[in-house]
Amino acid sequence: MTQSTGRERIGFIGLGAMGRPMASNLQRKGNDLVVYDLNREAVDALVALGARAAGSVAELAREVDIVVTMLPDSPDVEAVVLAPDGIAAAGAEDLLVMDMSTIEPSATDRLAAALADRSMAFVDAPVGRLVSHAEKGESLFMVGATSNDFGRVRPLLEAMGTTIQHCGNPGSGIRTKLVNNFIAIATCQLTAEAMTLAESFGLDLSTTLDTVNGTTATNGHLQTAWRGKVLAGDTAPGFRIRLAHKDISLAVEAARQAGVPVFVGAAARECLGQAMRTGDFAERDFSALLDVVCQQSGIAAPRL
Ligand code: NAD
């Protein structure tokens, strides 16, 4: 049985692009890991660092106090945890499963409930940032855990990353991750459209980047503007929704003329157009788009 002095024994399942550097950092920082992956080469790389290879998921679960899973998708995690020969069936009471994969929140809830039925603990701790950060031990983690379980996993997270956000109880980590990725991925498409538009205008790329990096264009809304405006209950303009609609219409029309498809930009223009026809939003600050979407969703607008 693997022992790590004064620490909980840790198993790691899923040694892919993210899991391998994360597990490597855990191993290098003094945890004697037991590891498992379908890919033998990935296992061998961890064994070379001193980890022990388990012959199966069940064997690993029997030997450790905490199992970390870093697998592709919901069915993979559910199979590894809930199958008849999976973690839940093989592990002891008080075993803690920390799933760090990005999966469906409903699957996360099912895992938490199934493990609780067996007096086992569950933490969801999906990962922000890139493989390059994982390699340097500089990941960000969004953690859903009870305070007690957060205390148990904290030393592991500190060995793998630099920023640890305790988002709330189990299930809140994965939901925070989806909100994060929704912004990151939608703005990636929007940025691709904007940069193509800049190229079609014949603009100098470097100057364009320096310029947009100095305004709210790079999502300064969340970093600075929204905290002092809509999230503080202040929707006085500012930059009016009416003028924001005019500006995005100018850009979408210029893109049309240049033959640049701007799907996200066009959708945003329609949303702004609809906001202008709702109450007195046309004359409110453009951060009040938050209040429009909340109104459309029947959700009370959040305030800090
Ligand atoms: P990956 O495909 O590189 O690695 C998955 C690993 O799981 C593979 O080594 C595979 O062999 C193993 N595996 C699959 N099924 C298994 C099973 N039943 N038993 C044992 N091992 C099994 O994926 P990744 O890029 O490391 O991503 C893992 C998770 O992290 C995903 O949910 C992904 O969305 C998320 N994520 C990825 C990144 C990234 O930049 N790659 C960043 C943040 C979060």
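Quick look at the numbers
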read-out	value
Summed side-chain charge close to A268 - residues other than A268 whose Cβ falls under 15 Å, Lys, Arg +1, Asp, Glu -1	0
Per residue solvent-accessible surface (Å²) - the chain, probe of 1.4 Å	50 Å²
Within the chain, helix-based [θ] at 222 nm, where runs of 4 or more DSSP H residues each add -39,500 (n - 2.57), nearest 500	-15000 deg cm²/dmol
Nitroxide proxy distance, nm - points 7 Å out along Cα→Cβ at C271 and A53	4.9 nm
Beta bridges by DSSP in the chain, antiparallel share as percent, to the nearest 5	15 percent
Folded to 0 to 90 degrees: helix 241-258 orientation relative to the chain principal axis, Cα	90 degrees
Placed amide H near V68: partners under 5 Å, 5+ positions off or other chain	G11, F12, I13, M98
For the range 147-157, Karplus couplings with θ = phi - 60° (6.51, -1.76, 1.60), whole Hz, Gly/Pro x	4, 4, 5, 4, x, 5, 8, 3, x, 5, 5
Cα-based shape type of the range 96-159, given that a ≥ b ≥ c are square roots of the gyration tensor eigenvalues and the cut on a/c is 1.5	oblate
Gyration tensor verdict on the range 1-159 (Cα atoms; rounded if a/c is under 1.5, prolate if a/b is larger than b/c, oblate otherwise)	rounded
FRET E, pair I299, K29, Förster distance 35 Å, beta-carbon r, rounded to 0.05	0.25
In Hz, Karplus ³J(HN,Hα) per residue of the range 26-31 (6.51, -1.76, 1.60; θ = phi - 60°; x = Gly, Pro)	4, 5, 5, 8, x, 9
Rounded, prolate or oblate (a/c below 1.5 giving rounded, otherwise prolate when a/b exceeds b/c) for the chain by Cα gyration tensor	prolate
By accessible area with a 1.4 Å probe, ligands and nucleic acids excluded, highest first: order of F286, F12, F182, F201	F182, F201, F286, F12
Computed FRET value (nearest 0.05) for D73 with F263, which takes r as the C-beta separation and R₀ as 22 Å	0.25
The chain, accessible surface, carbon-and-sulfur percent (1.4 angstrom probe)	56 percent
Table column - 3J(HN,Hα) (Hz), the range 270-282, Karplus curve with 6.51, -1.76, 1.60, x for Gly and Pro	4, 5, 5, x, 5, 4, 4, 8, 10, x, 9, 5, 3
Rough spin-label spacing in nm, given labels placed 7 Å along Cα→Cβ, for T216 and I185	2.6 nm
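The values are calculated or read from the model by the stated rules, or taken from the named source; none is laboratory data. Just so it is clear, the model here is predicted, and its values are computed rather than measured. A quick note on method: Cβ atoms are made from the backbone with ideal geometry, for glycine too, and the neighbour counts reach across all protein chains shown. Heads up: the accessible areas ignore ligands, DNA and RNA and are worked out on the full protein's heavy atoms, side chains in. Shrake-Rupley method; radii C 1.70, N 1.55, O 1.52, S 1.80 Å.
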